[in-house]
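So the structure is just underneath, and the comments pick up after that.
The values are calculated or read from the model by the stated rules, or taken from the named source; none is laboratory data. Predicted model only: the values in this text are computed from it and were never measured. Here the Cβ positions follow ideal geometry from the backbone for every residue, glycine too, while neighbour counts run over all protein chains shown.
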Amino acid sequence: MSLLYDAEIRERIIRSENPFQHVIDIAILARKKAKESEYHILDSEALTWVIQGIEPVEDSTLNLSRTITNYEEKYLDDMLCCIDDAQVRNALQESFYQSKSANKLIYEYGNITDKPRQTRVRILLRMIWYNTVLKEI
């Protein structure tokens, strides 16, 4: 956004009777524009569209599935950092990738034979699954 146009918007907001309502109206219009858009646009693009009148162009390099995969990877890594037991960590990671490729929960325990640790793998996998994969739907 150019600094000149930014100054014009600031003046308009300051001169209005209720500057907070003016900002709220801009946000409402931006949300409406974002919903009406044919493709996914960022909040900042919607605000620029409302304020400057510049319609955003579709960015073919932005891949939503890649962003979702990155989120899943980060969430899985964050969860794995909290697990001290290496066998549980490996089983959880293997279970997640098998479940992701099969698009359903698959529990892979590896060398884990005791029931409490198997239960831990199941609980943690469900937590990761419902916070990443099912969040997409």
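Odds and ends about this structure:
- Test result for Ser65, closer than 30 Å to Leu92 by Cα and modelled with pLDDT under 75: yes
- Comparison of Ile112, Ile54 shows that the only residue that is of a type in the set (A, V, I, L, M) and either assigned to a helix (DSSP H, G or I) or touching a residue at least 12 places away in the same chain (Cβ under 8 Å) (or both) is Ile112.
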